[in-house]
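Heads up, the thing below is written out as structure tokens.
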Amino acid sequence: MRAADLDVSGVIHRLFAGPTGSGKSYFVGYMVEKLYAEKRPFILLDTKTKNHLGLIGLKGVKLVQVRPGVSYDWQKLTKYPYLLLIPTLRTKTAELIEQYTAAIDAVYDAGKERVVIVEEAHNYSKNAYAPSPVLELVAREGRGKGISLWFITQRIQDFPKILWSQCYMTYLLKFLIPQDIKYVEAFIPDFKTINRELDKHDVLEYSAIDSIYHIVSHNDIVRHTDHLG
């Protein structure tokens with residue numbers, strides 16, 4: 001399958017997963033560029049200071065640095081069609097997740113079309129069996145408001161199964177740890193065999209609707225913005 005054939009249309013929840021260094025951020029940035037090309041509003045909640053910073057090269061993307069101890073008017077900020085949120089070096093993970101949860105809540109209350117891209121999505125939940133109440137609400141009810149969730153994680157076993165079950169599309173990069181591979185096989189039959197076919201930075205696209213999968217070669221995934229992660 002060619003990267004150009006990847007479809008970002010529709011109000012669909014999606015999961016992007018793979019080990020650290022597998023190419024998730026590069027690929028997600030590529031998919032965000034496709035959203036932008038189709039003029040689909042998005043808010044990207046980054047957990048690193050530079051991971052997706054190159055996306056501000058897209059005209060109209062509003063950058064917000066989330067600082068410790070600062071209150072933000074998320075209702076006002078969600079009026080921008082393209083939002084990139086990043087932490088400062090001093091922003092602790094717990095406070096960042098609290099701020100981002102408030103931002104997601106504001107998007108849900110606004111009730112307008114938006115793709116919400118959640119980096120390190122496993123950090124929002126206590127464990128794989130106790131999802132974030134806000135993420136679960138948006139996963140269940142958000143589609144009716146035109147809101148799509150894109151979850152990104154490098155810790156697949158810590159990501160809540162109930163949230164994954166709401167994702168019609170899953171994108172996986174090559175896994176190396178046997179326990180992770182076995183875990184994924186509970187959702188995607190024959191993943192162990194499919195995983196062997198993946199070269200480094202290749203992407204497996206899997207549809208939960210019809211159980212059809214495609215492999216996208218890393219050679220075809222070419223971004224127009226800088227990747228700084």
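Hey, what did the chain get for relative contact order, percent, Cα under 8 Å, at least 6 apart? Mind showing how you got there, number by number?
Values: 418 pairs, mean separation 68.4, N = 229.
For the chain, the relative contact order is 30 percent.
Full-extension gain between Arg155 and Tyr72, please, as 0.36 nm times their residue separation minus the C-alpha to C-alpha distance.
Contour length minus the Cα-Cα distance gives 27.0 nm.
At what distance in nm do the modelled label points of Gln65 and Lys34 sit from each other, each positioned 7 Å from its Cα along Cα→Cβ?
About 3.3 nm separates the two model spin labels.
Looking only at chymotrypsin sites (Phe, Trp or Tyr not before Pro) in DSSP loops with at most 15 other Cβ atoms within 10 Å, what is the longest site-free stretch of the chain? Display every interim value, and only then the final one.
Numbers: sites that count: Tyr72, Tyr129.
Result, exposed sites excluded: 130-229.
Do the sum for the chain: with -39,500 (n - 2.57) for every DSSP H run of n ≥ 4, divided by all residues, what is the mean residue ellipticity at 222 nm, to the nearest 500 deg cm²/dmol? Intermediate results must be reported in sequence, preceding the final value.
Values: 7 runs with 64 residues, N = 229.
The per-residue figure over the chain is -8000 deg cm²/dmol.
Would you mind checking which residues have amide H under 5 Å from Leu83's amide H? H placed 1.01 Å from N; only 5 or more apart, or other chain.
Amide H to amide H, under 5 Å and 5 or more residues apart or across chains, Leu83 pairs with Phe42, Ile43, Leu44, Lys62.
So who's got an amide H within less than 5 Å of the one on Gly146, skipping anything under 5 residues away but keeping other chains? H placed 1.01 Å off N, in plane.
So Gly146 has HN proximity to no qualifying residue.
Taking 0.36 nm per residue of separation and subtracting the Cα-Cα distance, what length does fully extending Ser165 through Asp226 add?
Numbers: separation 61, 0.36 × 61 = 21.96 nm, distance 3.25 nm.
The span from Ser165 to Asp226 would gain 18.7 nm if fully extended.
Which trypsin sites (Lys or Arg not before Pro) from segment 69-167 combine a DSSP loop assignment with at most 14 other Cβ atoms within 10 Å? All intermediate terms of the calculation are to be shown ahead of the outcome.
Details: sites: Lys76, Lys79, Arg90, Lys92, Lys112, Arg114, Lys126, Arg140, Arg143, Lys145, Arg155, Lys161; in loops: Lys79, Arg90, Lys92, Lys112, Lys126, Arg155.
When the trypsin sites (Lys or Arg not before Pro) of segment 69-167 are filtered for loop state and at most 14 Cβ neighbours within 10 Å, Lys79, Arg90, Lys92, Lys112, Lys126 remain.
Go through segment 151-168 residue by residue and turn each phi into a ³J(HN,Hα) via Karplus (6.51, -1.76, 1.60, θ = phi - 60°); whole Hz please, and just put x for glycine and proline.
With the stated coefficients, segment 151-168 comes to 8, 10, 8, 9, 10, 4, 6, 8, 7, x, 4, 5, 6, 4, 5, 8, 8, 6 Hz.
In whole Hz, with x marking every Gly and Pro, tabulate ³J(HN,Hα) for segment 184-198 from phi via Karplus 6.51 cos²θ - 1.76 cosθ + 1.60, θ = phi - 60°.
5, 4, 5, 9, 10, x, 6, 4, 4, 5, 5, 4, 5, 6, 7
Count charges around Asp180 for me, please; just the other residues with Cβ under 13 Å from its Cβ, Lys/Arg as +1, Asp/Glu as -1. Each step should come with its number before you reach the end.
Values: positive: Arg155, Lys174, Lys182, Lys192; negative: Asp158, Glu185.
Net of charged neighbours comes to +2.
Multiplying the sequence separation of Ser217 and Ile177 by 0.36 nm and subtracting their Cα-Cα distance, what value in nm do you get?
On the way: separation 40, 0.36 × 40 = 14.40 nm, distance 2.13 nm.
Difference between extended and current length: 12.3 nm.
Tell me which trypsin sites (Lys or Arg not before Pro) from segment 1-72 have a DSSP coil assignment and no more than 11 other beta carbons within 10 Å of their own. Working shown, then result.
Working: sites: Arg2, Arg14, Lys24, Lys34, Lys39, Lys48, Lys50, Lys59, Lys62; in loops: Arg2, Lys39, Lys48, Lys50, Lys59.
Here the trypsin sites (Lys or Arg not before Pro) that fit, given the DSSP loop and packing criteria, are Arg2, Lys39, Lys59.
When N counts the residues of segment 3-220, how does its alpha-carbon radius of gyration compare numerically with 2.2 N^0.38 Å, as a ratio?
Relative to the rule-of-thumb radius for its length, segment 3-220 sits at 0.97.
On C-alpha positions alone, give me the angle between the axis of helix 93-110 and the longest principal axis of the chain, in degrees, nearest 10.
Value to nearest ten degrees: 80.
Read the figures in this text as sums done on the coordinates, not as results from a lab. None of the values given here were measured: they were computed from a predicted structure. A quick note on method: Cβ atoms are made from the backbone with ideal geometry, for glycine too, and the neighbour counts reach across all protein chains shown.
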